[in-house]
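Asker: Have a look at this one.
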């Protein structure tokens, strides 16, 4: 779905953040970076000027094991 392999944002998220951090993706696109954040216990904030992918991104993040960022719910303490 993404324009680049999921392994790339996954590697960057792991290198430059720690569990529980917030990852900002100002070019959300298909949500690959937000998904990588969710899969590694990070919270994600993302936006994009093109709302075309919004339904697909939401569906993708709802299927992720950790998805509090997608639903705008606070992360449990």
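Asker: I'd like the residue in the stretch 48-69 that is more than 23 Å from residue 15 (Cβ to Cβ) and assigned to a loop (DSSP other than H, G, I, E, B) and, out of all such residues, is modelled with the lowest pLDDT.
Answerer: Of everything passing the filter in the stretch 48-69, 63 is modelled with the lowest pLDDT.
Asker: Then there's this: So which residues in the stretch 20-47 are more than 15 Å from residue 64 (Cβ to Cβ) and assigned to a loop (DSSP other than H, G, I, E, B)?
Answerer: Selection gives 20, 21, 26, 27, 29, 47.
Asker: Could you please give the count of residues in the stretch 7-26 that are surrounded by 12 or more Cβ atoms within 10 Å (Cβ to Cβ) and more than 11 Å from the chain's Cα centre (by Cα)?
Answerer: So the count comes out to 6.
Asker: Another question about this same structure. Which members of the stretch 30-49 meet the condition of being free of Cβ contacts under 8 Å to residues at least 24 places away in the same chain and either surrounded by 23 or more Cβ atoms within 10 Å (Cβ to Cβ) or farther than 21 Å from residue 5 by Cβ (or both)?
Answerer: Those that are free of Cβ contacts under 8 Å to residues at least 24 places away in the same chain and either surrounded by 23 or more Cβ atoms within 10 Å (Cβ to Cβ) or farther than 21 Å from residue 5 by Cβ (or both): 47, 49.
The values are calculated or read from the model by the stated rules, or taken from the named source; none is laboratory data. Just so you know, these numbers come straight off a predicted model, no measurement behind them. Positions of Cβ are backbone-derived with ideal geometry, glycine not excepted, and every protein chain shown enters the neighbour counts.
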